[in-house]
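The values are calculated or read from the model by the stated rules, or taken from the named source; none is laboratory data. Values in this document were obtained by computation on a predicted structure and should not be read as measured data. Cβ sites come from the backbone with ideal geometry, for glycine too, and all protein chains shown count toward neighbours.
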Amino acid sequence: MNDGGADIVNNGSKEETIKRIWEILRSVNDPEIPVLSVIDLGIIRNIKIEGDMVQVLITPTYSGCPAMDFIGMNIRKALLKNGFEKTNIKHVLSPAWTTDWMTEEAKEKLKSYGIAPPVSKTFDKNYLTNLPVQCPHCHSLNTNLISQFGSTACKAIYQCNDCGEPFDYFKCH
Amino acid sequence: MSSKATNNPENHLLNYTLHLADSCLIMGHRLSEWTGHGPMLEQDIAISNIALDLIGQARNFYQYAAEISNSNSEKEKKITEDDLAYLRDAADFKNLLITELPNGDWAKTIGKIFFFSLWQFYFYQKLIYSADKQLAAIAEKSLKEATYHVKWSSDWVIRLGDGTEESKNRMQRSISDLWPYTGEMFVPAAFESDFKNRVCIDVTSIRNDWTKKVKEVLQEATTDFPDEKTWMQSGGKNGIHTEHLGFILAEMQFMQRAYPGLEW
């Protein structure tokens with residue numbers, strides 16, 4: 001545990017420390033979708049070190065997402081646990097968060113968790129029309145939209161016409 | 001909360017930001033009245049999500065407004081987003097009148113969301129080019145959400161309008177009752193008249209697109225388009241509100257005013 005003094009960059013260079021912090025943040029998960037880390041979601045935009053202060057720039061997903069405050073707290077906790085006592089978390093609104101920033105591995109993790117991942121890129125104008133969404137249970141494309149809004153701001157509710165199961169869809173945003 | 005701090009006519013940027021924040025907050029608050037009372041579970045969830053999006057947008061605007069106000073003031077105590085939302089009185093609020101109207105039946109609420117989110121859609125599409133970086137950033141964020149709100153509410157306008165005789169009557173009634181409150185959306189207040197500075201947008205310029213889309217949706221909903229020459233209500237942007245806002249604030253602000261400084 002560091003003494004919280006002036007220089008936390010005592011094991012290696014600044015770049016190495018920043019790399020270490022990125023690794024630490026892999027352990028901070030979305031509270032609603034615990035298979036995804038904040039890195040998978042593309043929420044962490046940048047990490048900087050200024051003296052003994054770590055600055056983490058995050059982009060909120062949805063304007064009203066109640067998980068963002070919680071995520072901020074968890075980032076702070078994770079860094080504190082690893083010896084970084086002074087953390088400044090800054091919200092940057094622009095460029096706006098988009099599901100395009102989600103990694104392919106993140107989408108696979110979603111699927112195995114039972115949530116259908118976003119089907120297209122948001123610059124595709126058709127993203128709002130109902131593109132076929134694959135059922136994460138039986139993989140059929142014979143599914144229909146029940147509601148644009150689901151249990152959280154980021155999800156919509158679908159139902160599979162083949163296996164009959166309902167499932168969440170992570171909306172293109 | 002000092003009226004002068006937030007009602008300074010010279011501070012157009014602050015008033016503009018408050019107008020946007022207040023509209024989102026009051027609309028979000030009204031929609032949240034449906035939570036737990038929706039006609040079907042999925043729609044209860046949908047409308048709660050929309051309310052949440054709007055309150056999130058309101059927060060972004062209020063945080064910015066607090067920044068603006070604090071940078072202009074020499075006072076030691078800095079104001080926060082919460083002060084702006086919970087300690088201002090009705091005459092200081094600059095929300096559009098349509099946002100404070102009672103929810104009525106489902107058709108009435110759908111009508112409100114449709115007209116309002118469509119206004120937000122065209123408004124934000126222009127605001128993303130604002131010379132004010134923070135307003136542009138908030139607009140960029142909010143536009144995506146408004147897009148979903150427009151889609152959801154248009155689908156409902158069509159579902160109800162082109163539905164049974166009962167649903168058609170209710171949707172028609174909703175459109176006619178709300179119509180006089182739509183004009184205000186396109187009449188600039190003093191704080192948004194100087195759009196040549198490229199900070200605020202020219203609200204008169206979005207009227208045509210808005211009207212065209214409304215006509216399209218109403219046509220598909222087999223509902224009549226109201227008389228465009230209807231006399232329009234106004235005053236919201238200048239703190240002159242309907243009798244409804246007082247009741248909304250009394251409920252929304254009660255805890256903070258009864259127990260000042262209250263925190264979770």
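Remarks
- From B:Thr230, B:Thr211, B:Thr204, residue being in contact with a Phe, Trp or Tyr (Cβ under 8 Å, 6 or more places away or on another chain) and without any contact (Cβ under 8 Å) to a residue 24 or more places away in the chain: B:Thr204
- Taken together, A:Lys77, A:Lys48 contain a single residue that is surrounded by fewer than 18 Cβ atoms within 10 Å (Cβ to Cβ) and in a strand (DSSP E or B), which is A:Lys48.
- Of all residues in the stretch B:8-16, none are of a type in the set (A, V, I, L, M), surrounded by fewer than 23 Cβ atoms within 10 Å (Cβ to Cβ) and outside any helix (DSSP H, G or I).
- Test: residue in the stretch B:213-223 that is surrounded by fewer than 16 Cβ atoms within 10 Å (Cβ to Cβ), touching a Lys or Arg at 6+ places or on another chain (Cβ under 8 Å) and among the β-branched types (Val, Ile, Thr): yes
For every residue, the table says whether it meets (1) in contact with a helix residue (DSSP H, G or I) (Cβ under 6 Å, 6 or more places away or on another chain); (2) buried (at least 23 other Cβ atoms within 10 Å of the Cβ).
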residue	(1), (2)
B:Ala91	no, no
B:Lys94	yes, yes
B:Ala107	yes, yes
B:Ile110	yes, yes
B:Phe121	yes, no
B:Tyr129	no, no
B:Asp132	no, no
B:Ala136	no, no
B:Glu140	no, no
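- Consider the stretch B:207-264 and keep the residues that are among the aromatic types (Phe, Trp, Tyr) and touching a Leu at 6+ places or on another chain (Cβ under 9 Å). The one that is modelled with the highest pLDDT is B:Trp210.
- The residue that is farthest from the other protein chains (Cβ to nearest Cβ), counting only those in the stretch B:29-50 that are over 20 Å from A:Asp168 (Cβ atoms) and crowded, with 22+ Cβ neighbours inside 10 Å, is B:Arg30.
- Filtered residues of the stretch A:28-38 (kept if in contact with a Lys or Arg (Cβ under 9 Å, 6 or more places away or on another chain) and within 15 Å of A:Arg76 (Cα to Cα)): A:Val28, A:Ser37, A:Val38
- Only residues that are touching a helix residue (DSSP H, G or I) at 6+ places or on another chain (Cβ under 9 Å) and surrounded by fewer than 18 Cβ atoms within 10 Å (Cβ to Cβ) were counted across the stretch B:64-76, and they come to 4.
- Yes/no for B:Val150 being more than 29 Å from B:Ser48 (Cβ to Cβ) and in contact (Cβ under 8 Å) with a residue 12 or more places away in the chain: no
- Of all residues in the stretch A:80-95, those being crowded, with 17+ Cβ neighbours inside 10 Å and over 19 Å from A:Thr17 (Cα atoms) number 1.
- Scanning the stretch B:51-72 for residues that are more than 8 Å from chain A (Cβ to nearest Cβ) and among the β-branched types (Val, Ile, Thr) yields one hit, B:Ile68.
- All positions within the stretch A:152-170 that are over 15 Å from B:Tyr148 (Cβ atoms) and more than 12 Å from every other protein chain (Cβ to nearest Cβ): A:Cys160, A:Asn161, A:Asp162, A:Cys163, A:Gly164, A:Glu165, A:Phe167
- The lone criterion from (1) touching a residue at least 60 places away in the same chain (Cβ under 8 Å); (2) not in a helix (DSSP H, G or I) left unmet by B:Thr35 is number (1).
- Elements of type helices (runs of 4 or more DSSP H) in the stretch B:113-230, at least 1 residues being under 28 Å from A:Val92 (Cβ atoms): B:133-161
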